1. Evaluate segment B:123-143: report whether one residue or more is touching a helix residue (DSSP H, G or I) at 6+ places or on another chain (Cβ under 8 Å), among the hydroxyl-bearing types (Ser, Thr, Tyr), more than 7 Å from chain A (Cβ to nearest Cβ) and under 20 Å from A:Leu409 (Cα atoms).
2. If you go through segment A:452-472, how many residues are surrounded by 19 or more Cβ atoms within 10 Å (Cβ to Cβ), closer than 17 Å to B:Phe41 by Cβ and in contact (Cβ under 8 Å) with a residue 40 or more places away in the chain?
3. Please note which helices (runs of 4 or more DSSP H) are completely contained in segment A:33-136 and include at least 2 residues that are under 26 Å from A:Gly294 (Cβ atoms) and in contact (Cβ under 8 Å) with a residue 12 or more places away in the chain.
4. Of the residues B:Gly129, B:Gly151, which is on the phi > 0 side of the Ramachandran plot and within 27 Å of the chain's Cα centre (by Cα)?
5. Spot the failing condition for B:Leu95; the list is (1) in contact with a helix residue (DSSP H, G or I) (Cβ under 8 Å, 6 or more places away or on another chain); (2) at the interface with chain A (Cβ under 10 Å from one of its Cβ atoms); (3) not acidic (Asp, Glu), and only one is missed.
6. Among the residues of segment A:466-489, is there at least one that is under 30 Å from A:Gly52 (Cα atoms) and more than 22 Å from the chain's Cα centre (by Cα)?
7. Within segment B:101-109, is even one residue farther than 22 Å from A:Leu409 by Cβ, more than 8 Å from chain A (Cβ to nearest Cβ), surrounded by 17 or more Cβ atoms within 10 Å (Cβ to Cβ) and more than 20 Å from the chain's Cα centre (by Cα)?
8. Can you report the number of residues in segment A:333-354 which are under 20 Å from the mean Cα position of the chain (by Cα), under 23 Å from A:Phe137 (Cβ atoms) and outside any loop (DSSP other than H, G, I, E, B)?
Amino acid sequence: METILFAFSVALQPVNLLYAFGGVVIGTLVGVLPGIGPSAAISLLLPTTFRGDVVPSLIMLAGIFYGTQYGGSTTSILVNIPGEAASVVTCLDGYKMAQKGRAGPALGMAALGSFIAGTFSVVLLTLVAPPLSEIGFHFGSPEFAGMAILGLTLMISLSSGSLVKALMMAVVGLILGTVGMDLSTGSVRFTFGIYELEDGIGLAPVAMGLFGIGEVLVNIEESLKEERKLLVKKVKGLLPNLQDWKDSYVAIIQGSFVGFLIGLIPGGNAIIASIVSYALQKRISKHPEKLGTGAIEGVAAPESANNAATGSAFIPLLTFGIPTSPVMALLLAGFLVHGVIPGPLLIKNRPDLFWGLIFSMYVGNIMLLILNLPLIRVWVKVLDIPYSVLFPLILLFCLVGAYTLNNSLVEVGIVVFFGFIGFLMRKFAYEPALLILALVMGPMLEESLRRSLDLSGGTMAIFLHRPIALGLLIVSVLLLLSFMIFPVVRKQAEKGGDT
Amino acid sequence: MLMKHRNMGSAIFCLILGLFVLMTGVRLGLKVDLRIGPGFFPFVAGILLAFLSIVLFVQSLTETKTGQQKRSFWSKEHGWVFVFLTLVGIGTYILVLNYLGFLLSTFLLLFFLFTVIGGLKWWKAALSGTIAAAAVYLVFEIWLRANLPRGFFSF
């Protein structure tokens, strides 16, 4: 009880409320606008938090993340273009509902389902995170190395497209993580005489380049002149009726559970959660033939799942310090910039941050409900902004954000370089998300691996004597082998991803 | 260009990168005073990248053309022009930023992007460029005290 009161006292501080509000507004806006996702938005705004206090900064960044899941449904329903990837499935029934003149209840159910699932997920996060932190205390270098390898393996296994290409991107990310001064020996690696690189390549400029500039370059090449056709200019009757609730309650419950569980798995992000939840709804529905023709449960299931997944994705980061998605990697950077290391010690060393962040999500979910229902007409108007006006502003934010990292043009150069690389990666069908995750995990993996090997006198035998570390490595190897030996499973997953 | 050709091209590039990283790892030292050296991790990563690149190259080489559509690298006929001009605009911005200062160079970049790439009318571009440059200046320079470049004109 004391903890809950303390947590709310942090989350309800005016400054934290203001930042949470700012975060969810930006998040909803980003979710509504196609062409910019949560990773790009967080990487653009990351530099603005460097000079502020850590608690409100992270509350804002987290708000952007779960806010996008709310906003993403609006464009799916009204324009048949997902505002962000996790709302792809919502297009199937949401747009059909809008065509039938039921855009209001579709938007309303998306917001209410998101609220219920988001809150459910945060309640479980509150209950699960502290005991998991206790487990983290028993982890040493070999276990952390095992966790990092398992995290990367899961991300690679669950990524769509070629397994070899996914592995290659992970290795490139690990290599980029070695750039700069080696802290153990003082040797300088891969800096090519550029002084600014001695501190390593920062996550923020790489993410801004790959996700921000890279996406903009692809969009201006492919679809700059394409106009979006807004189906409904005025939305009426947002509150779902009793029949809508009857049709949707099972979808919301299963979406909440499925989303929460998938969000826990590294790589199991909100996109996969929404796809799995939609597929499950089709299995358990009494009228599966209705899904895809404008059934409200087809909106409720994926929207609940993608919101539940955002809450549980915080668990591995807050308890073990392991990011499970690019967004979590960016939040990890947000912690590290302020000298705070998330992990088992976070709950003891910075309870204000740990509990303040978690409980701000309760408050944020309520804010989002208030923002999304009455203000939906405002968000609909936002959709009228053409991309030709938006993209120069996104580019500008990337460039200025990069400059302010160190007041250096070298950082700006890095952003532009990785922007072009990100563009090429999309053209050559490589996944930038894996590179980002490996870049964050790289130094962590190298340090724990080197420490482990130093402890054992240079032999890998240390992993044989540590059951948890050995178990994690065995699971990683089995996972990778299973995807190589049974490519059918992977092909099925890819088909699901393409839907 | 078929995807297999793109894969072969990128595999060759990554193979060269992997070999470079591998050799740098050896040069940095795999062991230092009986402890793991700074070159060990890059060495292992370089081997992995080179190996995976060869696998991708061989996979692409043996891939049949069936089911693969020949697609242009660029989605639209003049798509590359937009990308090229955007990169030129940004490159010029980086070059002149320290001389012209943040406000003027940012306005010029935005005006260029709004008109040439975005196709906005010149007065709309000028207005949007001015407002956006001023807003970003207010947020980063005044509110966040970021010390943006001032240039010859001191703004």
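The values are calculated or read from the model by the stated rules, or taken from the named source; none is laboratory data. Predicted, not measured: the structure shown is a model, and the values here were computed from it. In this analysis, Cβ positions are derived from the backbone assuming ideal geometry, glycine residues included, and neighbour counts consider all displayed protein chains.
1. Keep residues of segment B:123-143 that are touching a helix residue (DSSP H, G or I) at 6+ places or on another chain (Cβ under 8 Å), which gives B:124-126, B:128-130, B:132-134, B:136-137, B:139-141.
The next check asks that each one be among the hydroxyl-bearing types (Ser, Thr, Tyr); those that pass are B:128, B:130, B:137.
Still in the list and also more than 7 Å from chain A (Cβ to nearest Cβ): B:130, B:137.
Next, from what is left, pick out any that are under 20 Å from A:Leu409 (Cα atoms): B:137.
Yes, segment B:123-143 has at least one match.
2. Of the residues in segment A:452-472, the ones surrounded by 19 or more Cβ atoms within 10 Å (Cβ to Cβ) are A:452-453, A:462-463, A:466, A:469, A:472.
Subset that is closer than 17 Å to B:Phe41 by Cβ: A:452-453, A:462-463.
Cutting the leftovers down to in contact (Cβ under 8 Å) with a residue 40 or more places away in the chain gives us A:452, A:462-463.
So the answer is 3.
3. Working: elements: A:38-49, A:54-79, A:90-99, A:103-136.
Those helices (runs of 4 or more DSSP H) span A:54-79, A:90-99, A:103-136.
4. Working: B:Gly129 fails: on the phi > 0 side of the Ramachandran plot.
Among B:Gly129, B:Gly151, only B:Gly151 is on the phi > 0 side of the Ramachandran plot and within 27 Å of the chain's Cα centre (by Cα).
5. (1)
6. Of all residues in segment A:466-489, those under 30 Å from A:Gly52 (Cα atoms) come to none.
Taking every residue of segment A:466-489 in turn, none turns out to be under 30 Å from A:Gly52 (Cα atoms) and more than 22 Å from the chain's Cα centre (by Cα).
7. From segment B:101-109, those farther than 22 Å from A:Leu409 by Cβ are none; that's our starting set.
No; the residues of segment B:101-109 include none that is farther than 22 Å from A:Leu409 by Cβ, more than 8 Å from chain A (Cβ to nearest Cβ), surrounded by 17 or more Cβ atoms within 10 Å (Cβ to Cβ) and more than 20 Å from the chain's Cα centre (by Cα).
8. Within segment A:333-354, residues that are under 20 Å from the mean Cα position of the chain (by Cα), under 23 Å from A:Phe137 (Cβ atoms) and outside any loop (DSSP other than H, G, I, E, B) number 4.
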